[in-house]
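Contents: one structure, followed by commentary.
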Amino acid sequence: MSQDLHPLAAAANARLASEAPIILSMLSQRGRALYFPAQGILAQGAEAKSRARFANATIGIATEDGEPMHLPCVQRYFRELPAAEIYDYAPSAGRPELRRAWAAKQRREMPSLGAHPTSLPVVTQALTHGLALVGELFLDPGDEVLTSDLMWENYALLWETRLGARLCTFPLFDARLSGLDLAGLRAALAARHGRKLMVVLNFPNNPSGYTPTPAEAAAIVAALSEAAAAGTRLIAVCDDAYYGMFFDEASEREPLFGKLAQAHPNLLAVKIDGATKEAFVWGLRIGFITYGCAGGTPTVYEALEQKTAGLIRATVSNVSMPGQSIVLRLLQDPAFRDQQGAKIALLRRRAAATMQAARSPEHADCWDVYPFNSGYFMCLRLKGATAEAVRQELLQTHGVGTIALGERQLRVAFSCLSEAQIAEVFARIAQAVRTVRGRQ
Ligand SMILES: Cc1ncc(COP(=O)(O)O)c(C=O)c1O
């Protein structure tokens, strides 16, 4: 290890070396160098908070009458939050109450975890930031990231463009689109046998809107566990952005993290989740990153949390205080689950209408429908027309906005369509496909 490491980084690494040497070996160069400056301004400020009885001249905010100074022209937008929960800085790892409340929510959603310890969730500037953090902590230039071929396009920017890692893909669905291509996943893992590998699992999936069945979920966990047992050091990143948006009874409800977090010592599970899509608060920008590993101990998790918090301190310093306070209160609000359930029910009705319209025999010559049962989106595999040409035609002639992905995939966000619009939207997509096909 480099002699230039900060002593706090060296101490965190030494703790990992003794209790989880495999996790230490998974860290990027930057990940190894990171530490949380627990003995600097933040620690001195925290000490003063509890002990400076006469005057606290440590903190980097301004105060007045015992609360953060603030302006009426800002305050008028906040009615119920106290000033301290709006204007003050949050800790770099996030407000402890919020971290504990989110951890309790995760545990309720993942009964498989049982008593298995995980880290506390560290608060991120929504999921994109969590994905950026996991990349910086674990990816060096040239490292591989294995993801499904149907994926959120930002993965390329996050890990390839910014960090120099290499994205490689496995086919998400079999050629007939009858279900997941588990053999494809197993083959992709086997081809990378014995290496360090980041694998990204995003369910409900963007863009297809698919969540595995319980049998498929078990097979994914088994495939990763076998690869880990055979010597591959896996960082399994679960991008759970659309968790909770389930529209049929056949899909697995428990996030994969519940089982992956205890699968094998060669497998570090990283859960990236947040309030963004689950609680319909996209612009509040509150997400979480959580670690779990077989044999994970409080010491190991503390080292990972500190490195993560150090990276947050070094980039955005800390995450929006009003965002954190609102999400905390949301989690504590007895009305939250009912209100969220009502919105999910609305999306479920739209998904059902989408299912019917997309699969209508009238449109069978225009596309295949990728399996979908969850999330905000669904995806069509167009027949005889390129997705970009159809997208343009839809905009120009039909006033319909869609997203073209790759050669043939057209993504439709039914989350943004009213039930009444859905049949007509698919009729117009079919017309556009036929027009483009006639031209090509
Ligand atoms: C699969 C997936 N992951 C992560 C994100 C990012 O979410 P956030 O807005 O919380 O950064 C998105 C947003 O579109 C997404 O589709």
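Looking only at residues in the stretch 106-134 that are buried (at least 22 other Cβ atoms within 10 Å of the Cβ) and β-branched (V, I, T), which one is nearest to the ligand (Cβ to nearest atom)?
T124
Can you tell me which residue is surrounded by the most Cβ atoms within 10 Å (Cβ to Cβ) among those in the stretch 354-374 that are assigned to a loop (DSSP other than H, G, I, E, B) and out of contact with any Leu (no Cβ under 9 Å at 6 or more places or on another chain)?
Only one residue tops the list, namely F372.
Which helices (runs of 4 or more DSSP H) sit wholly inside the stretch 221-328 and have at least 2 residues that are away from the ligand (no atom under 16 Å from the Cβ)?
257-260, 298-315
Please enumerate the residues belonging to the stretch 149-163 that are touching a residue at least 24 places away in the same chain (Cβ under 8 Å) and either part of a helix (DSSP H, G or I) or of a type in the set (G, A, S) (or both).
Result: N154, Y155, L158, W159.
Could you give every pair whose Cβ atoms fall below 7 Å, whose first residue belongs to the stretch 274-295 and is aromatic (F, W, Y), and whose second residue is more than 15 Å from the ligand (Cβ to nearest atom), counting only separations of at least 6 or pairs across chains?
Hits for this filter: F280/K343; Y291/T118; Y291/S119; Y291/L268; Y291/Y301; Y291/L304.
One line per residue, one yes/no per condition, for (1) among the hydroxyl-bearing types (S, T, Y); (2) at pLDDT below 95:
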| site | (1), (2) |
| --- | --- |
| N266 | no, no |
| V270 | no, no |
| A275 | no, no |
| F280 | no, no |
| L284 | no, no |
| G295 | no, yes |
| K307 | no, no |
| T315 | yes, no |
| N318 | no, no |
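Only residues that are within 16 Å of the ligand (Cβ to nearest atom) and assigned to a loop (DSSP other than H, G, I, E, B): list them for the stretch 187-205, please.
F203, P204, N205
Of the residues L98, L146, L137, only one is away from the ligand (no atom under 12 Å from the Cβ), part of a strand (DSSP E or B), in contact (Cβ under 8 Å) with a residue 12 or more places away in the chain and of a type outside the set (S, T, N, Q); which?
Answer to the check: L146.
The values are calculated or read from the model by the stated rules, or taken from the named source; none is laboratory data. Keep in mind it's a predicted model, so treat the numbers as computed, not measured. Cβ atoms come from the backbone with ideal geometry, glycine included; neighbour counts cover every protein chain shown.
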